[in-house]
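Below is one structure; the comments refer to it alone.
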Amino acid sequence: MNKALLLVILLPLAACQQSDRTKSWYLEHTAEREARVVECKDDAALTVTADCQNALAAKAQAGTFGTGAARSIDVTPDRARNTSAGERSSSAEMNPDHSIDVTPKRPRPSNGEADGKTH
């Protein structure tokens, strides 16, 4: 009974100590993000908390894509540049089109069908 009462009292206190910081907050606050990542990597019990997961996810995103729109990766193809024939040849060499041809191919004719003879 006493253990249950103690648990009921301590559980809300433990919840009050948790941080409400989101991944986007950690993306905006580099120093706090790096400090929290060091703490999280030092203690395995902290690593599974939501706060550490947010800090670690923000660090991964910041390292891969950056923290703002200016540092984001632009994957939109710029095909409007190819306006004249002269520009097409030079820009095609510099910026090749990496699209994949998915047009279905016709099956090759077998030996007797190529010359029109059937047996």
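Taken together, the values in this text are just the output of simple stated rules run on the coordinates, not laboratory data. Predicted model, so just to flag it, every value in this text is computed and none were measured. Methodologically, a virtual Cβ is constructed for each residue, glycine included, from the backbone with ideal geometry; neighbour enumeration extends over all protein chains shown.
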| Unit charges on C-beta of K, R, D, E only; dipole of region 21-67, Debye | 160 debye
| request: Quote the Stokes-Einstein diffusion coefficient, in whole µm² s⁻¹, for region 21-67, based on the Kirkwood radius over alpha carbon pairs, a temperature of 37 °C and a viscosity of 0.692 mPa s. | output: 323 µm²/s
| remark: Residues other than residue 46 with Cβ under 13 Å of its Cβ, Lys/Arg counted +1 and Asp/Glu -1, net out at -2
| field | region 21-67: relative contact order as a whole-number percent, Cα under 8 Å and 6+ apart | value | 48 percent
| message | Using a 7 Å offset from the Cα along the Cα-to-Cβ direction at both residue 50 and residue 9, what is the distance between the two label points in nm, to one decimal? | response | 2.6 nm
| request: Evaluate the distance, in nm, between pseudo-label points positioned 7 Å from the Cα of residue 30 and of residue 103 along their respective Cα→Cβ axes. | output: 5.0 nm
| message | If neighbour count is taken as other Cβ atoms inside 10 Å, put 101, 42 in order from fewest to most. | response | 101, 42
| message | Quick check: net charge around residue 60, other residues with Cβ under 14 Å of its Cβ, Lys/Arg +1 and Asp/Glu -1? | response | +4
